[in-house]
1. So, of the residues in region A:81-93 that are surrounded by 15 or more Cβ atoms within 10 Å (Cβ to Cβ) and more than 9 Å from chain B (Cβ to nearest Cβ), which turns out to be farthest from the chain's Cα centre (by Cα)?
2. Anything in region A:95-116 that is buried (at least 20 other Cβ atoms within 10 Å of the Cβ), more than 9 Å from chain B (Cβ to nearest Cβ) and among the hydroxyl-bearing types (Ser, Thr, Tyr)? List them, or say none.
3. Restricting to region A:59-72, name every residue that is among the polar types (S, T, N, Q) and either assigned to a strand (DSSP E or B) or within 14 Å of A:LEU90 (Cα to Cα) (or both).
4. Just to be sure I understand, how many residues within region A:53-66 are in contact with a strand residue (DSSP E or B) (Cβ under 7 Å, 6 or more places away or on another chain), of a type in the set (Gly, Ala, Ser) and at pLDDT below 95?
5. Given the structure, is A:SER50 touching a Ser or Thr at 6+ places or on another chain (Cβ under 8 Å), surrounded by 12 or more Cβ atoms within 10 Å (Cβ to Cβ) and either closer than 21 Å to A:LEU116 by Cβ or modelled with pLDDT under 95 (or both)?
6. Only residues in region A:1-20 that are surrounded by 13 or more Cβ atoms within 10 Å (Cβ to Cβ) count as the first member; pair them with residues that are of a type in the set (D, E, K, R), Cβ under 7 angstrom, at least 6 apart or cross-chain, and list the lot.
7. Please determine whether any residue of region B:97-108 is away from chain A (no Cβ under 13 Å) and over 24 Å from A:SER50 (Cα atoms).
8. For region A:73-116, which positions are in a strand (DSSP E or B), of a type in the set (Ser, Thr, Tyr) and closer than 15 Å to A:VAL12 by Cα?
Amino acid sequence: DTEVTQTPKHLVMGMTNKKSLKCEQHMGHRAMYWYKQKAKKPPELMFVYSYEKLSINESVPSRFSPECPNSSLLNLHLHALQPEDSALYLCASSQDFGGGPGDTQYFGPGTRLTVL
Amino acid sequence: AQSVTQLDSQVPVFEEAPVELRCNYSSSVSVYLFWYVQYPNQGLQLLLKYLSGSTLVESINGFEAEFNKSQTSFHLRKPSVHISDTAEYFCAVTFSGSARQLTFGSGTQLTVLP
């Protein structure tokens, strides 16, 4: 089983709202990722968690706040977003994040976010 | 510098024809290679991967890719495409060493015509 689940599938929010995206995997993977994908573009890495610790933050604005409550769950808290933040947000997980074959990433279906 | 190049942004092809989607990478270190497929309004699905061993890797739906170290390529091929293969295809690479992130190519939109 290589399933990563994400909720919600779609989200519409105003610029003053606070919302959260959720990601879950039950493959025993120890690394989890958040990506942002604009239309017709490849995904852009935002954050990497390895063993529940933030390993990489790709200079993401503070209006995006990641959280890893346990090894199976990853959240992305959103606050005061801008219309240009509208995109598909993808979660991924991998067995490891060590520069080896265990880094193979499996993606979830994504959350389509629209900021009004 | 380490990079991934997908030379063709769009590839239209008729149903039942063969197709090749090209991927080249630039690296001075060893690599792991992946092809992901993204159907409209969906996430990325891992199509196939090369980690080690046989340089020819196959997917369950008839795609195959061959790792060519001398040409630094990992082209994706299918001998006969179906309408349902219409999707965006991303080549991706991880480079051994400190930069462990997945580096994506710009993507190739495969459109299968009836």
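1. Of the residues in region A:81-93, the ones surrounded by 15 or more Cβ atoms within 10 Å (Cβ to Cβ) are A:81, A:85-93.
This time we only want the ones that are more than 9 Å from chain B (Cβ to nearest Cβ), so: A:81, A:85-87, A:89, A:93.
On the way: A:LEU81: 16, A:ASP85: 13, A:SER86: 14, A:ALA87: 12, A:TYR89: 6, A:SER93: 10 Å.
Per the stated criteria, the residue is A:LEU81.
2. Scanning region A:95-116 gives a single hit, A:THR111.
3. A:SER65, A:ASN70
4. The first filter runs over region A:53-66 and keeps only residues in contact with a strand residue (DSSP E or B) (Cβ under 7 Å, 6 or more places away or on another chain), leaving A:54-58, A:60, A:63-66.
Those left that are additionally of a type in the set (Gly, Ala, Ser): A:55, A:65.
Checking the rest, the ones that are also at pLDDT below 95 come to A:55.
Adding up the residues that qualify gives 1.
5. no
6. Short answer, once both residue conditions are applied: A:GLN6/A:LYS22; A:THR7/A:LYS22; A:LEU11/A:LYS19; A:MET13/A:LYS19.
7. no
8. Taking region A:73-116 and keeping what is in a strand (DSSP E or B), we get A:73-79, A:87-94, A:106-107, A:111-115.
Now restrict to residues that are of a type in the set (Ser, Thr, Tyr): A:89, A:93-94, A:106, A:111, A:114.
Result: A:TYR89, A:THR111, A:THR114.
The values are calculated or read from the model by the stated rules, or taken from the named source; none is laboratory data. None of these values were measured; they are calculated from a predicted model. Cβ coordinates were reconstructed from backbone atoms using ideal geometry, including for glycine residues, and neighbour counts include every protein chain displayed.
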